[in-house]
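A.B. asks: Before I ask anything, here is the structure I am working with.
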Amino acid sequence: MSRFQFPIAPETQEESALRQRVRHFLANELKSGGFTPGPDCWVSGVAPDFSRKLGEMGWIGMTWPRQYGGHEQSALHRLVVTEELLVAGAPVAAHWIADRQTGGQLLKFGTEEQKKAILPKMALGRSFSCIGMSEPEAGSDLAAVKTKATRTSSGWKLSGRKVWSTVAHISDYMIVLARTSPAQQRNRHIGLSQFLVDLSLPGVEVSGIRDLAGKTHFNEVLFDDVELKADALLGVEGDGWAQCMGELAMERSGPERFLTTFILLEKTIEAMRDQIPAKVLGDLIARLVTLRTMSRGIAKRIHDGERPDTEAALVKQLGNAYEKHLFSAMRDVIAMKSETEIHSELLSLRDEIQLRLPSHTLRGGTTEILRGVIARQLGIR
Ligand SMILES: Cc1cc2nc3c(=O)[nH]c(=O)nc-3n(C[C@H](O)[C@H](O)[C@H](O)COP(=O)(O)OP(=O)(O)OC[C@H]3O[C@@H](n4cnc5c(N)ncnc54)[C@H](O)[C@@H]3O)c2cc1C
């Protein structure tokens, strides 16, 4: 049996019809000035109003149960929508994490009260959330987190510092990974727990961090003895590591890992079709078809209740490499003409992507860490 499994999941008629509806919606939005396309739109395209429109269309929380505001559709339907939004460069960052991760975590580990109160608002694009894993000294080595939650008579007291928290500045909630008992030398994964933290609580301070391109989409978040209710603990105390690892397939396998720079390909084709060598274009399209097939296969496996974590690491790793390759291929094409002959919008797009590219191989797991995961599955580590 193959070490990696990517079942082929051809697009159904229903999915194709959904794709057409999303395209139609996006074309109208674009025409009426509803958004300006941009690269890396799922991280830096923060537009709560646009998220609300998508919520009204039923395109957030698509896979969640109806009783919590969802639409009970498959992971493949969701993938169709996310692909179209990314290709259009639509500003989807505000709700991306709530839709991709927090919703699923709440469905698995939240209380009935939390699910009823929070999920319907998230599905309408009216409540946003963020991930609180990384800390100044804990990124790749996530088990080194120092943020601490201690029991009190009424719940928990949280103190510590998170960094790089995407969209925390507009979020209502963060799922925080914290230590609830001292690290054990033999296994540092023991004693970690996850908490659903309301970011409006006293003692929480969110401050923006500017990225290389000059945008502020991620943040530093301080917790200064924040009082949490007992039900802020997600699931069982000590289960935090397993909960975090359980999200990885969702986090790493989606089209956001290979479509973030796609807009540059489209715009270069629009402007310089005749200059692009057929071999370059053919190579890019062939790789893209392969990545899409892999991503769809994973969505199918997630829908079937499996956890294809290593396959997801492969998609992220190959997807990041593809985005770099696409960028340098298009940069070379653009360089065939004098810059004075090229529309300034295309040059700005190229420059912005160049500044963003280094972050692609950091967020969601670095190249070295992902290669380690893949090597383990191959039995060579
Ligand atoms: C745009 C962006 C958005 C992000 N959003 C979030 C978010 O919303 N929430 C969140 O919690 N975090 C977020 N992060 C943080 C991200 O998860 C971390 O940057 C990542 O885990 C790497 O951690 P680090 O930055 O501390 O780098 P380090 O872990 O210090 O790594 C630095 C370098 O050392 C290498 N390295 C580290 N350990 C090893 C090893 N054992 N073997 C070989 N090489 C190694 C790495 O591959 C890397 O090249 C975001 C990051 C970015 C760039």
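The values are calculated or read from the model by the stated rules, or taken from the named source; none is laboratory data. From a predicted model like this one, the values you see are computed outputs, not experimental measurements. Heavy atoms of the whole protein, side chains included, go into the accessibility calculation; ligands, DNA and RNA do not. Shrake-Rupley method; radii C 1.70, N 1.55, O 1.52, S 1.80 Å.
A.B. asks: Tabulate in residue order the Karplus-calculated ³J(HN,Hα) for the range 268-284, using 6.51 cos²θ - 1.76 cosθ + 1.60 with θ = phi - 60°, rounded to whole Hz; enter x for Gly and Pro.
C.D. replies: Listing the rounded values in order: 5, 4, 4, 8, 9, 3, 6, 7, 7, x, 4, 5, 5, 5, x, 4, 5 Hz.
A.B. asks: Using a Debye calculation, one point per C-alpha and no hydration shell, please list log10 I(q)/I(0) for the range 6-80 at q = 0.20, 0.27 Å⁻¹ in order.
C.D. replies: -1.04, -1.31
A.B. asks: Taking the square root of 5 times each eigenvalue of the Cα gyration tensor, what semi-axes in Å does the equivalent ellipsoid of the range 288-351 have, largest first?
C.D. replies: 36, 10, 9
A.B. asks: Given 4 °C and 1.567 mPa s, how large is the Stokes-Einstein diffusion coefficient of the range 247-378 in µm²/s, with Rh as the Kirkwood radius over Cα pairs?
C.D. replies: 82
A.B. asks: Quick query: amide H of residue 11 versus all other amide H atoms, modeled in the peptide plane; which residues come in under 5 Å with a sequence gap of 5 or more or a different chain?
C.D. replies: For residue 11, no residues qualify.
A.B. asks: What value in Å³ per residue do you get for the convex hull of the alpha-carbon atoms in the range 13-127?
C.D. replies: So the per-residue Cα hull volume is 84 Å³.
A.B. asks: Which three semi-axes in whole Å describe the equivalent ellipsoid of the range 131-241, each the square root of 5 times a Cα gyration tensor eigenvalue, listed largest first?
C.D. replies: Each semi-axis is √(5λ); the values are 23, 17, 10 Å.
A.B. asks: Return the carbon/sulfur percentage of the accessible area of the range 13-127, one whole number, probe 1.4 Å, all protein chains in place.
C.D. replies: About 51 percent, which is the carbon plus sulfur part of the accessible surface.
A.B. asks: Using the heavy atoms of the protein chains alone and a 1.4 angstrom probe, what is the accessible area of the range 123-216 per residue in square angstrom?
C.D. replies: 48
A.B. asks: For residue 130, which sequence-distant residues (separation of 5 or more, or a different chain) have an amide H within less than 5 Å of its own amide H, given hydrogens modelled in the peptide plane?
C.D. replies: Under 5 Å from the amide H of residue 130: 173, 174, 175.
A.B. asks: Hey, what's the Cα Rg ratio for the range 237-281 versus the globular rule of thumb, 2.2 N^0.38 Å?
C.D. replies: The reported ratio for this selection is 2.03.
A.B. asks: With θ taken as phi - 60° and the coefficients 6.51, -1.76 and 1.60, list the Karplus ³J(HN,Hα) couplings across the range 122-129 in order, rounded to whole Hz; mark glycine and proline as x.
C.D. replies: 5, 5, 8, x, 10, 8, 10, 8
A.B. asks: Quick one: what does P(r) look like for the chain with 10 Å bins over all Cα pairs, in whole %?
C.D. replies: Computed distribution, short to long bins: 5, 23, 33, 26, 11, 3, 0, 0.
A.B. asks: Enumerate the amide H contacts of residue 217 below 5 Å, restricted to partners 5 or more residues apart or on another chain; note that Pro and chain-start residues carry no placed amide H.
C.D. replies: Distant-sequence amide H within range of residue 217: 209, 211.
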